[in-house]
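J.: One structure follows; several queries about it will come next.
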């Protein structure tokens, strides 16, 4: 599976905002965006005024990096969103939110989407009672995501289950913390997404 393997903090610095790619580190004093707010590289500190295309590109890159999706997959999601009824930009965000790795993160079973992706790849989860190891699977209303019974004795998974108890979860997920599971009770709406995206800029970029 192709994935970005470089330094996560560089991505946040390039976009000039926290993308919460490293879990608790992003909310601590060690956050690279707070310590070195300029973009990485020799000319990172130079002030640049973005033109229309530049703003559209940066917004697309922000969304892509926030959800940990590579370019080809992101474009595929946009094409899916464009064919769906409703507002294309909002459809795109809904698709990204319903990726299995994002749902694992949203249910509180990981400190970052990267960690959630690793947990799914290592087959620690079930989807509707069946083992699953594909982070990009899109969940549907009524789907149930749960931690496999034999994974609950894993030291790292046990630690994450304990942390899960104190985490807030979105209203489109019905989380059973005792059973370590989550049911998708509705598809996420635009107001359910807590990150400030300007998704219309992404639509304009791909519509050229």
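J.: Can you name the number of the only condition in (1) buried (at least 20 other Cβ atoms within 10 Å of the Cβ); (2) in the same structural domain as residue 143 (by TED's automatic domain parsing); (3) under 11 Å from the mean Cα position of the chain (by Cα); (4) touching a residue at least 40 places away in the same chain (Cβ under 8 Å) that residue 67 fails?
T.: Only one criterion in (1) buried (at least 20 other Cβ atoms within 10 Å of the Cβ); (2) in the same structural domain as residue 143 (by TED's automatic domain parsing); (3) under 11 Å from the mean Cα position of the chain (by Cα); (4) touching a residue at least 40 places away in the same chain (Cβ under 8 Å) is unmet by residue 67, namely (2).
J.: Looking at residue 77, is it without any contact (Cβ under 8 Å) to a residue 24 or more places away in the chain and not in a loop (DSSP other than H, G, I, E, B)?
T.: yes
Yes/no matrix, rows are residues, columns are (1) surrounded by 15 or more Cβ atoms within 10 Å (Cβ to Cβ); (2) at pLDDT below 95:
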residue: 125; (1), (2): yes, no
residue: 128; (1), (2): no, no
residue: 141; (1), (2): no, no
residue: 153; (1), (2): no, yes
residue: 161; (1), (2): yes, yes
residue: 164; (1), (2): yes, yes
residue: 172; (1), (2): yes, no
residue: 191; (1), (2): no, yes
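The values are calculated or read from the model by the stated rules, or taken from the named source; none is laboratory data. From a predicted model like this one, the values you see are computed outputs, not experimental measurements. All Cβ positions, glycine included, derive from the backbone under ideal geometry; neighbour counts span all protein chains shown.
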